[in-house]
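The values are calculated or read from the model by the stated rules, or taken from the named source; none is laboratory data. Every value quoted in this text rests on a predicted model; they were computed, and no experiment measured them. Positions of Cβ are generated from backbone atoms using ideal geometry, with glycine treated the same way; all protein chains shown enter the neighbour counts.
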Amino acid sequence: MAGSADDRARRSKVEARPPRVPLRPPDKVMRLSRMGAFFPTRLSFMRSLIRRLHTERAMVTRSVWEIDDDGYGRAVYSVTFGGDVYSLVAFSTSLDPEQRTDRVIAEAWDTTYVLFDGRPTSADLDRLAIETPRQEAGRFSKTELVLSRANKSLRLFAHVVDSLAVGRQPDRSMIGKIGYLMRTTAVYGNGKFGIADRLRILERPAVNGPFQLELLTVWLIRGFTHDLVEHIAKMRDPKRFRPLASDIKRHLGIGNATGLGMAPFLVNHPILLHSWMLARETAFARVRSIERASPATIDAFLVCLARARRHIEDWQVDDISQMDRILTLRREMKEIAGLSTQAWLAEPYLWDRLTAASERWSEECQELLLALMLEPHGELIDDLSSKMASDVEPTLQPSMSIGELADLLDETFAWAAAMDFGETASTQRFWYISEEKLEPRLGDRYREPGAEKELPLDIARQIQTLRAAIDSEPRHEIVAHFLMRHPEHRRIARRVQTTASNPYAEIRDNLLGADCRPIDMLRCKLSFFGASKFDPKSDLWTRITLYQGAPTFEQLGEADADDWSFPVLGDAA
Amino acid sequence: MIVSVNQIEATIAKAAWGRGWPHGLAEECGRAAAWLSTRGFDGVRTALAAIEPGPAEPLIDETTDAIVFGAAQAIHAAPSAYDLLAADIGLERVVLQEIDQPLLVIGFGGMAALAYQSCYRLTFAEGCRVIVDGSAVSIAGTLPPSGAEAVIEAEGAGEEGTPAVLTDMEIDGSLWHDALTMAAESYVASSLSSRKFGAGAGIIDDD
């Protein structure tokens with residue numbers, strides 16, 4: 001996909017000046033329906049992580065493998081990345097079926113993990129053997145960077161063991177349909193439960209991007225699941241055992257079950273959300289600004305399009321609403337393929353015309369096309385990956401006058417003022433933290449207790465309240481003085497002052513409304529991670545697949561290490 | 001026990017919110033407690049003591065060159081004091097009388113110094129003098145107990161500072177238990193219904 005020297009020169013020319021095509025406006029992008037239609041792109045965090053691991057020629061070594069014939073015990077994998085060593089410490093234990101739940105309320109798991117900073121000693125391993133399986137209840141230290149756990153996919157794990165143990169490969173349709181051997185049910189970083197704060201890795205460029213250590217952990221866990229299933233099968237019948245075929249192994253990602261905890265993150269980190277969105281939209285605008293698409297990029301796009309069509313054909317879910325969207329998407333993808341004639345492709349501004357043409361299709365299709373258009377343009381857009389981190393906290397501007405604040409609200413936050421919170425349905429829901437293992441939950445304000453403890457995710461409503469409160473204040477008054485008397489507005493005042501210059505910081509929808517689908521927020525965030533095969537279990541909960549098609553430990557050094565968007569599992573060779 | 005910066009910030013913020021402090025002040029209280037803790041002070045204890053009674057109606061007296069907070073609750077009065085001094089409106093000083101937790105006022109000063117890239121001088125009526133910027137604090141004399149009066153003045157531009165200094169923050173187990181108990185006041189009690197429907201997922205995953 002590198003293209004010719006002419007291609008590269010042309011791309012550099014485009015990159016050197018601002019995109020001709022403007023970025024899509026936040027009123028279009030920052031809507032839940034669209035965010036809930038996002039797909040992973042080459043800027044997604046897993047993709048950029050694997051690219052850097054590949055570039056660094058990182059090698060994973062397995063220094064400890066103390067796993068018994070039934071698959072229980074411990075293992076350690078280490079990788080040197082950015083000059084530092086990180087080690088996944090994995091524990092596998094027997095799990096009572098009654099305790100098998102993907103939710104935060106779980107107390108036990110099939111497997112538990114920490115990502116250790118450096119190489120653990122025997123004493124570290126003995127300590128972690130006690131604490132890691134306890135997860136949230138364990139005691140950790142600053143050498144533990146990430147804490148995680150995963151449960152087996154009962155549908156697939158046993159089948160793969162049974163198959164390999166008798167020298168057969170597992171059923172390819174099952175591999176394609178399920179796609180993982182285990183599901184992670186939580187991946188904690190940044191100081192949670194006493195593990196190391198993010199501050200510890202701030203000066204490590206290799207891993208200080210968004211969720212890089214968490215996603216490194218998940219990639220290492222995926223490798224452990226491959227080794228574990230092969231080990232159990234081999235121990236069952238060493239003579240007949242055959243290892244996983246390499247293409248099947250590569251197609252086995254790692255599952256994840258995700259609930260409401262992800263949604264407040266987007267609201268509580270507005271500048272970070274803006275950074276992610278801005279990078280994505282800038283990349284899209286750069287590509288759409290290309291006047292003459294090179295034959296190489298067109299070919300690469302068409303290859304991706306064909307692969308994505310097969311990927312979408314494989315994407316089956318039980319959720320009726322999402323399955324309807326997938327069926328629509330499949331029909332629309334046929335139309336895209338029909339549109340892509342040689343004559344049409346040869347006209348100027350191909351990518352911008354394709355974007356314009358996509359307006360007739362679903363948002364799911366439009367966002368898929370965005371991902372596909374970005375795919376062959378790595379040289380033009382990959383630099384944006386390094387701009388997706390932000391540790392900026394909202395800061396108050398105390399000298400701003402009330403008049404200036406009012407103008408700011410009226411001009412920049414008109415979308416919030418336009419929301420109607422008068423109807424009961426518009427405030428039906430409230431977000432809260434349950435006392436039960438601090439599980440994030442959603443309640444009905446008019447039927448359930450607890451609304452007085454709701455999380456402050458109602459940004460638009462808070463903006464309206466602030467606007468009403470300053471209406472009676474003198475315009476020359478300063479914000480510091482106003483907040484001295486009205487500290488209840490401190491948080492939202494600080495927020496609007498900070499996010500006013502960050503147009504992609506706020507979700508421009510009502511998060512309290514009866515028709516709000518939190519799963520749209522989950523999909524948005526997970527797409528930035530690089531997740532695929534969204535499999536909603538309700539409006540609040542989804543399963544996903546991570547690292548499907550990504551290189552395994554052994555394949556990391558191969559030339560196609562970055563070529564795993566929209567993976568498909570082919571027929572047996 | 002050892003706790004992380006993130007745990008201190010989050011737990012103290014939840015404790016403050018659970019006790020009725022506004023979200024904005026609660027969050028900043030968490031950061032102030034963490035700022036103090038990472039610099040060797042007992043940030044958690046002083047924050048919990050300030051949080052515990054909940055917010056009271058502030059007593060504020062304004063003159064042309066000073067603002068005076070009577071019966072000053074650090075969680076409310078300190079951030080306001082630093083905001084007002086940072087606003088550059090000709091205000092020379094802010095006076096906090098009968099401060100409930102003088103140490104916490106310093107913690108908020110550290111956070112304000114980071115945010116506003118400034119430096120502050122606190123002069124306590126009992127003679128103790130404190131200079132705080134985003135990185136560190138210097139205390140001349142003995143920090144007075146609750147009930148003290150302090151004059152806060154801007155001391156000019158501060159250094160950029162560091163957000164926090166990593167340390168092994170050893171916290172007394174019973175104190176941390178108190179913090180978690182107070183934080184739990186921000187949680188909603190679980191019910192069979194909320195357990196079943198509130199998270200949008202079933203209880204058992206057997207596939």
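Filter region A:108-122 for residues that are in a loop (DSSP other than H, G, I, E, B) and either within 14 Å of chain B (Cβ to nearest Cβ) or among the aromatic types (Phe, Trp, Tyr) (or both) and give the result.
Of everything in region A:108-122, those that are in a loop (DSSP other than H, G, I, E, B) and either within 14 Å of chain B (Cβ to nearest Cβ) or among the aromatic types (Phe, Trp, Tyr) (or both) turn out to be A:Ala108, A:Trp109, A:Asp110.
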#### Entry: Elements of type strands (runs of 3 or more DSSP E) contained in region B:38-146, each with 2 or more residues being not β-branched (Val, Ile, Thr)
B:59-62, B:66-70, B:93-99, B:118-124, B:137-140
### Query
Could you count how many residues in region B:174-198 are closer than 18 Å to A:Lys453 by Cβ, modelled with pLDDT of 90 or more and exposed (fewer than 14 other Cβ atoms within 10 Å of the Cβ)?
3
### Query
Taking region A:83-107 on its own, how many of its residues are away from every other protein chain (no Cβ under 14 Å) and in contact with a helix residue (DSSP H, G or I) (Cβ under 8 Å, 6 or more places away or on another chain)?
7
### Query
Has region A:90-106 got at least one residue that is surrounded by 21 or more Cβ atoms within 10 Å (Cβ to Cβ) and over 29 Å from the mean Cα position of the chain (by Cα)?
no
### Summary
Selection from region A:186-220 of residues within 16 Å of the chain's Cα centre (by Cα) and surrounded by 24 or more Cβ atoms within 10 Å (Cβ to Cβ) yields A:Val187, A:Leu213, A:Leu215, A:Leu216, A:Thr217, A:Val218, A:Trp219
### Message
Given the options B:Gly24, B:Gly30, name the one that is modelled with pLDDT of 95 or more, within 29 Å of B:Ala87 (Cβ to Cβ), part of a helix (DSSP H, G or I) and within 8 Å of chain A (Cβ to nearest Cβ).
### Response
B:Gly24
### Query
If you check A:Arg461 against the conditions, is it assigned to a helix (DSSP H, G or I), within 14 Å of chain B (Cβ to nearest Cβ) and crowded, with 18+ Cβ neighbours inside 10 Å?
yes
### Query
Quick one: is A:Glu131 assigned to a helix (DSSP H, G or I), acidic (Asp, Glu) and at pLDDT 95 or above?
yes
#### Entry: Filtered residues of region A:346-361 (kept if crowded, with 17+ Cβ neighbours inside 10 Å and either under 25 Å from the mean Cα position of the chain (by Cα) or farther than 13 Å from A:Arg288 by Cβ (or both))
A:Thr355, A:Ser358, A:Trp361
### Summary
Picked from region A:489-508 (must be among the β-branched types (Val, Ile, Thr) and surrounded by fewer than 22 Cβ atoms within 10 Å (Cβ to Cβ)), the residue nearest to the other protein chains (Cβ to nearest Cβ) is A:Thr498
### Message
I'm checking my understanding of the structure. Among residues of region A:464-473 that are surrounded by fewer than 23 Cβ atoms within 10 Å (Cβ to Cβ) and within 14 Å of chain B (Cβ to nearest Cβ), which one is nearest to the chain's Cα centre (by Cα)?
### Response
A:Thr465
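Just to be sure before I move on: is A:Leu455 under 27 Å from B:Tyr187 (Cβ atoms), within 14 Å of chain B (Cβ to nearest Cβ), surrounded by fewer than 18 Cβ atoms within 10 Å (Cβ to Cβ) and of a type outside the set (D, E, K, R) in the structure I sent? Quick ask: steps written out before the conclusion?
Values: under 27 Å from B:Tyr187 (Cβ atoms): yes; within 14 Å of chain B (Cβ to nearest Cβ): yes; surrounded by fewer than 18 Cβ atoms within 10 Å (Cβ to Cβ): no; of a type outside the set (D, E, K, R): yes.
No: the conditions fail for A:Leu455.
Give region B:194-207 a look and list any residue that's at the interface with chain A (Cβ under 7 Å from one of its Cβ atoms), among the small types (Gly, Ala, Ser) and farther than 23 Å from B:Thr11 by Cβ, or say none.
B:Gly200, B:Ala201
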### Query
Which ranges mark the helices (runs of 4 or more DSSP H) fully within region A:1-66 that have 1 or more residues being modelled with pLDDT of 95 or more and among the acidic types (Asp, Glu)?
A:26-29
### Task
Sort out which residues of region A:429-439 are part of a strand (DSSP E or B) and either farther than 12 Å from B:Ser186 by Cα or of a type in the set (A, V, I, L, M, F, W, C) (or both), and write them in order of number.
A:Arg429, A:Phe430, A:Trp431, A:Ile433
### Query
Residues of region A:299-329 being among the acidic types (Asp, Glu) and more than 18 Å from A:Gln548 (Cβ to Cβ), which ones?
A:Asp299, A:Asp318, A:Asp319, A:Asp324
### Summary
Those residues of region B:1-21 which are of a type in the set (Gly, Ala, Ser), surrounded by 24 or more Cβ atoms within 10 Å (Cβ to Cβ), more than 8 Å from chain A (Cβ to nearest Cβ) and farther than 18 Å from B:Pro102 by Cα amount to B:Ala13, B:Ala15
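Taking A:Trp564, is it of a type outside the set (Gly, Ala, Ser) and at pLDDT below 95?
Criteria not met by A:Trp564.
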### Task
Identify, from the list A:Glu436, A:Glu448, the residue that is buried (at least 16 other Cβ atoms within 10 Å of the Cβ), within 11 Å of chain B (Cβ to nearest Cβ) and more than 20 Å from B:Arg19 (Cα to Cα).
A:Glu448
### Query
If you scan region B:25-80, which residues turn out to be in contact with a Ser or Thr (Cβ under 6 Å, 6 or more places away or on another chain) and surrounded by fewer than 24 Cβ atoms within 10 Å (Cβ to Cβ)?
B:Thr38
### Task
Filter region A:143-162 for residues that are of a type in the set (S, T, N, Q) and either surrounded by fewer than 19 Cβ atoms within 10 Å (Cβ to Cβ) or more than 23 Å from A:Gly570 (Cβ to Cβ) (or both) and give the result.
A:Thr143, A:Ser148, A:Asn151
### Task
Give the residues of region A:397-421 that are small (Gly, Ala, Ser) and surrounded by fewer than 20 Cβ atoms within 10 Å (Cβ to Cβ), sorted by residue number.
A:Ser399, A:Ser401, A:Gly403, A:Ala406, A:Ala414, A:Ala417, A:Ala418
## Note on the structure
Filtering region A:157-195 for residues that are among the hydroxyl-bearing types (Ser, Thr, Tyr) and within 13 Å of chain B (Cβ to nearest Cβ) leaves a count of 4
### Summary
A:Arg523: passes all of (1) buried (at least 21 other Cβ atoms within 10 Å of the Cβ); (2) in contact with a Gly (Cβ under 7 Å, 6 or more places away or on another chain); (3) at the interface with another protein chain (Cβ under 9 Å from one of its Cβ atoms) but (3)
#### Entry: Scope region B:7-21; condition in contact with a helix residue (DSSP H, G or I) (Cβ under 6 Å, 6 or more places away or on another chain) and part of a helix (DSSP H, G or I); matching residues
B:Ile8, B:Glu9, B:Thr11, B:Ile12, B:Ala13, B:Lys14, B:Ala15, B:Ala16, B:Trp17, B:Gly18
### Query
Based on what the data block shows, is A:Gly513 away from every other protein chain (no Cβ under 14 Å), under 30 Å from A:Gly223 (Cβ atoms), touching a residue at least 12 places away in the same chain (Cβ under 8 Å) and among the small types (Gly, Ala, Ser)?
no
### Query
Across region A:137-173, what is the number of residues that are hydrophobic (A, V, I, L, M, F, W, C) and over 29 Å from the mean Cα position of the chain (by Cα)?
4
